[in-house]
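A.B. asks: Have a look at this one before I ask anything.
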Amino acid sequence: MSDHENTPDLPELPATSWAVLGILSFGTELSGYDVKQWADQSLAFFYWAPSQSQIYTELRRLEGLGLAVSRVEQTHAAKSRRLYAITPLGRDCLQRWTDDVPPEPVVLKHPQILRLWAAHNGDLDRLRAALAAYRDEALRTADAAAAHAEGARREEAWRFSGIALEWAECFNRDEAARIDWLLERLRGMR
C-alpha cells in the first residue's frame, strides 16, 4: 500500500505552480516579490524565472486550491503586503509531485543552433560573433550559479537547491565548451 493511496488526486497544475509551491516549501512566509527574488536566484539557472504577474497568478491559484494560505501584514500606516505560506495539503501535494518523476524528455529550444542551422542564409562572421557572445554569457551564468550555490551551502534546508545550482554551473560551463567546439568547426568556413 502506497503512502498516498487514500489521498485525493494531485491537482493538474502547470510547472510554474509547482515551482512557486516549491519556493514556499522552505518554510518562510513570502510576499510575491520575495518569491520572485527566490526564483531569480535559483530557478532561473536551470528552469526559468516566472514573471512577477505569473507568480501572483500562481499564488492566487495555490491559495484557491488550499495549497497555500495568505495573510496581510501591515508594514507602515498606509502600506501593507500579502504574505503566503504553504499549507499541510500543499506540502503533501508537493511531496507527491516530487516523488513522481516521469521519464519525460527535455524539450530543447536552442535559438543559437536554430540560427546555425539556417546560417547558409546569413553572414557567417555575425553568426560567429553571436556564438562567442552566447558563450561568454554562459560563462557569466555559470559563475552566478556557482555563487548562489555557495550561498545555498550555508543553509541545511537549501542543500538540494544548492546541488541544482551546482548542476546549472556545470551545464553552463559545458555549454560554453560546446560553443567553443562549434566555433572551431566554423573556423575557415565561408
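A.B. asks: Can you work out which of the residues in the stretch 28-52 that are of a type in the set (Asp, Glu) and over 23 Å from residue 107 (Cβ atoms) is surrounded by the fewest Cβ atoms within 10 Å (Cβ to Cβ)?
C.D. replies: Across the stretch 28-52, the extreme among qualifying residues is 29.
A.B. asks: Next up: One residue is enough: does the stretch 174-188 have a residue meeting the conditions farther than 30 Å from residue 10 by Cβ, basic (Lys, Arg) and either in contact with a Phe, Trp or Tyr (Cβ under 8 Å, 6 or more places away or on another chain) or not in a helix (DSSP H, G or I) (or both)?
C.D. replies: yes
A.B. asks: Do the conditions hold for residue 115, that is, is it over 30 Å from residue 186 (Cα atoms) and open to solvent by 40 Å² or more (accessible area, probe 1.4 Å)?
C.D. replies: no
A.B. asks: Take residue 146 and decide whether it is within 26 Å of the chain's Cα centre (by Cα), over 23 Å from residue 20 (Cβ atoms) and loosely packed, with under 13 Cβ neighbours inside 10 Å.
C.D. replies: no
A.B. asks: If the requirement is being open to solvent by less than 90 Å² (accessible area, probe 1.4 Å), of a type outside the set (Val, Ile, Thr) and over 18 Å from the mean Cα position of the chain (by Cα), which of these qualifies: 165, 131?
C.D. replies: Matching residue, one of 165, 131: 131.
A.B. asks: Could I ask something else about it? Determine which single condition residue 103 fails, assuming it passes every other condition in (1) surrounded by 13 or more Cβ atoms within 10 Å (Cβ to Cβ); (2) farther than 26 Å from residue 155 by Cα.
C.D. replies: So residue 103 meets the others, but not (1).
A.B. asks: Another question about this same structure. Could you grab me the full set of residues in the stretch 140-169 that are among the hydroxyl-bearing types (Ser, Thr, Tyr) and modelled with pLDDT of 95 or more?
C.D. replies: Of everything in the stretch 140-169, just one residue is among the hydroxyl-bearing types (Ser, Thr, Tyr) and modelled with pLDDT of 95 or more, namely 141.
A.B. asks: Something else: Looking only at residues in the stretch 10-27 that are more than 13 Å from residue 39 (Cβ to Cβ) and in contact with a helix residue (DSSP H, G or I) (Cβ under 9 Å, 6 or more places away or on another chain), which one is surrounded by the most Cβ atoms within 10 Å (Cβ to Cβ)?
C.D. replies: Checking each candidate, the answer is 13.
A.B. asks: Taking the stated definitions as given, is residue 74 in contact (Cβ under 8 Å) with a residue 60 or more places away in the chain, among the polar types (S, T, N, Q) and open to solvent by 80 Å² or more (accessible area, probe 1.4 Å)?
C.D. replies: Taking the combined requirement at face value, the residue does not satisfy it.
The values are calculated or read from the model by the stated rules, or taken from the named source; none is laboratory data. Model, not experiment: these values are computed from the prediction. Positions of Cβ are generated from backbone atoms using ideal geometry, with glycine treated the same way; all protein chains shown enter the neighbour counts. The area values use the complete protein model at the heavy-atom level, side chains included, leaving out ligands, DNA and RNA. Shrake-Rupley method; radii C 1.70, N 1.55, O 1.52, S 1.80 Å.
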